[in-house]
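A quick write-up on the structure given underneath.
Laboratory data are not the source of any read-out in this text; all were calculated from the coordinates shown. Given the structure is predicted, the values throughout are model-derived calculations rather than measurements. Counting neighbours? That spans all protein chains shown, and the Cβs are built from the backbone with ideal geometry, glycine included.
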Amino acid sequence: MNKQLLHFLENIFGDSELNRLPEKFGGGRIFSSPLIGVAAGNDPIFLKFKEVVGAEHFTPLEMWKECGQEELPANQLRIVSIVFPYVKKIRDESKNIIQLPRVTLPADIYSVGRNYANEFIVYILKQCISYFQEKGFMAAAGVLNEVYTIVTKGDFYSTWSERHVAFATGLGTFSLHEGLITEVGCNIRLASVITSAPLEITPRKYKEPYSNCLYFTKGTCKECIEKCPANAITENGHDKAKCYNYGQKIARKMKIRHESLLKPTIRRVNGKLRPPVYPVGCAFCQFGVPCMDKNPTSNE
């Protein structure tokens, strides 16, 4: 069933108009072909996430129940993580940053593409749920449920971390800049669905959580440190507060540049709905670095 699901997703990625840039930026695809990974609902790693992500992070079974699904043993659940890799055009053009007097901005094509991607990701999740339901299985997406929220109590995290879910399914490892490095790189988006369908579990081939990062494996690279205009990345890790604050500066500037194009998004923070925002991302640490479009350690 894994192959059939991947084929289903590949068709949507290729055909959906939601996976398209506006004509002002050429009208081409935002994401290339997806990858998928699958974890078991009773994998002990999900309990570990309550320690490494945050106490309010849900296990698959907890999220399943919150989504109003029929109660099942955790070992009967499967978590499907989906990788959305940005196309080569966006990756190549995003190396050309915009230098303004008081702030450095990412390339317009990336900011607009990332903004448009949100709607497509939600569409994919809903299509996956329908796909499983039509085959007689149950399915739900944590990020579409009202219990999904950003938590800012002491640290920034969410109650369902797509990066950590993807790690659990064997799709990649973390990095110095905290992005997930997959076999198609770190310049990606992620999403996941929980289902009762008996999908084949994909193994985690790495032994350490940072196995795909050159800094942690060889003590080299550190290019993400050099790329970050907010000085949010050091050898000690990633400062989420600095990153967030700089991202807000970018969002304000990009809204002025492309307000007629950008699509609003509503988020929950600490369980409460916030006014609509126009997320455009940052990702300086992901462009023009060895892990942008590949796993730089895969040939070692």
Per-residue Cβ neighbour rank within 10 angstrom, fewest leading, THR152, THR104, THR182: THR152, THR104, THR182
Debye-sum result for the chain in log10 I(q)/I(0), which assumes one identical scatterer on each alpha carbon, at q = 0.07, 0.12, 0.13 Å⁻¹: -0.25, -0.79, -0.94
DSSP bridge pairs, the chain: antiparallel proportion in percent, nearest 5: 95 percent
11 Å reach of a label modelled at TYR210, 7 Å along Cα-to-Cβ, counting backbone N of segment 143-176: 174-176
Angle between the chain longest axis and helix 2-15 axis [Cα atoms, degrees, rounded to 10]: 40 degrees
Segment 171-300 shape via C-alpha gyration tensor axes, a/c threshold 1.5: oblate
Amide H partners (placed H, <5 Å) of VAL151, local residues excluded: TYR157, SER158, THR159, ASN270
Helix 108-134 vs. the chain, principal-axis angle (Cα, 0 to 90°, nearest 10): 10 degrees
Helix axis angle, 240-258 relative to the chain longest principal axis, alpha carbon, degrees: 70 degrees
For segment 92-155: rounded, prolate or oblate by the Cα gyration tensor [a/c cutoff 1.5]: oblate
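Expressed in nm², what is the orientationally averaged projection area of the convex hull enclosing the Cα positions of segment 1-88?
That works out to 8.0 nm².
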Projected label distance in nm at GLU259 and GLU146, using a 7 Å step from Cα toward the beta-carbon: 3.2 nm
Cα→Cβ-extended label distance, 7 Å offset, between SER16 and LYS88, nm: 2.4 nm
Qualifying trypsin sites (Lys or Arg not before Pro) in segment 95-149, DSSP loop, other Cβ atoms within 10 Å at most 15: LYS95, ARG102, LYS135
Local electrostatic count at GLU226 - Lys and Arg +1, Asp and Glu -1, tallied over other residues with Cβ under 15 Å: +1
Net charge contributed by nearby residues that have their C-beta within less than 11 Å of THR195 (K/R +1, D/E -1): +2
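Return CYS228, CYS282 ranked ascending by Cβ neighbour count within 10 Å, so the fewest neighbours appear first. Provide the component values of the computation, followed by the final result.
Details: CYS228 21, CYS282 25.
Going from least to most buried by this count: CYS228, CYS282.
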Potential lengthening between ALA74 and VAL103 on full extension [0.36 nm per residue; Cα-Cα distance subtracted]: 5.7 nm
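Counting other beta carbons within 10 Å of each Cβ, put TYR86, TYR116, TYR123 in order, fewest first. Provide the component values of the computation, followed by the final result.
Numbers: TYR86 27, TYR116 19, TYR123 14.
With the fewest neighbours first, TYR86, TYR116, TYR123 line up as TYR123, TYR116, TYR86.
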For CYS291, distant residues with modelled amide H under 5 Å away: none
Around THR173: net Lys/Arg minus Asp/Glu count, Cβ-Cβ under 13 Å: +1
Helix-only mean residue ellipticity at 222 nm for the chain, each DSSP H run of n ≥ 4 adding -39500 (n - 2.57), per residue, nearest 500: -10000 deg cm²/dmol
Lys/Arg +1, Asp/Glu -1 at C-beta; the chain dipole; positive extreme among PHE8, THR220, ILE124: THR220
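How much length, in nm to one decimal, is gained on full extension between MET1 and PHE156, taken as 0.36 nm per residue of separation minus their Cα-Cα distance?
Working: separation 155, 0.36 × 155 = 55.80 nm, distance 3.58 nm.
That pair, MET1 and PHE156, stretches by 52.2 nm at full extension.
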Stretchable slack from GLU23 to ASN236, in nm (0.36 nm times residue separation minus alpha-carbon distance): 72.5 nm
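What is segment 49-119 by shape, rounded, prolate or oblate, if you read a ≥ b ≥ c off the alpha carbon gyration tensor as root eigenvalues and call it rounded for a/c under 1.5, prolate for a/b larger than b/c, and oblate otherwise?
Numbers: a/c = 3.54, a/b = 2.42, b/c = 1.46.
In terms of gyration-tensor shape, prolate.
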